[in-house]
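Beneath this line is the structure, given in structure tokens, with notes to follow.
The values are calculated or read from the model by the stated rules, or taken from the named source; none is laboratory data. Bear in mind that the values here come from a model prediction, so they are computed numbers and not experimental data. Quick reminder, even Gly has a Cβ in these numbers, built from the backbone with ideal geometry, and neighbours come from all protein chains shown. Accessible surface is based on the protein model in full, side chains and every heavy atom, while ligands, DNA and RNA are left aside. Shrake-Rupley method; radii C 1.70, N 1.55, O 1.52, S 1.80 Å.
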Amino acid sequence: GNTASFSNLDSALIHGNLDSELKKQIITHLTDLKTEFIRYFPEIDEKCEGWKFIRNPFQCEVADVSDELQEKFLELKFTSTAKEDFKELDLETFW
């Protein structure tokens, strides 16, 4: 039910611009897409602490980020412009 990552869909839902058939098609498509992602990337666990920084890099600890990403993560976390961008932009635009 969270469509924040899909700004056009989110806007259409807010303004009531979707008929029920189109809504069903979107749900089916996103469900199929999720299934395909799991099939292609089975090692990615959404609840894994190592991926938590994607949702909010400024509330995440360095130890929670995988070793190969820590340097870039630190650069991002301590950049004041990135903090401001994160507050003002949606996740899709921010990343």
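The length gained by stretching the chain between PHE58 and HIS29 to full extension, at 0.36 nm per residue less their Cα-Cα distance, is 7.2 nm. Ignoring ligands, DNA and RNA, please state the percent of accessible area on the chain from carbon and sulfur, probe 1.4 Å. Ligands and nucleic acids excluded, carbon and sulfur give 55 percent. Full extension of the chain between ASN17 and LEU74 gives 16.4 nm of extra length, using 0.36 nm per residue less the Cα-Cα distance. Under 16 Å of direct C-alpha separation, and excluding same-chain neighbours fewer than eight residues apart, LYS77 reaches these lysines: LYS52, LYS87. For the chain, adding -39500 (n - 2.57) for each run of n ≥ 4 DSSP H residues and dividing by the number of residues yields -15500 deg cm²/dmol at 222 nm.
Ordered from longest to shortest, the equivalent ellipsoid semi-axes for the chain are 30, 20, 8 Å, each the square root of 5 times a Cα gyration tensor eigenvalue. Two tests apply to each whole DSSP H helix in the chain, Cα reach of 24 Å or more along its axis and mean Kyte-Doolittle hydropathy of at least 1.0, and none passes both.
With all protein chains kept in place, the per residue accessible area of the chain amounts to 82 square angstrom at a probe of 1.4 angstrom. Suppose we flag GluC sites (Glu not before Pro) only when DSSP calls them loop and at most 16 other Cβ atoms lie within 10 Å. Which is the longest uninterrupted stretch of the chain? Counting at most 16 other Cβ atoms within 10 Å as exposed, the longest clean stretch of the chain is 1-42.
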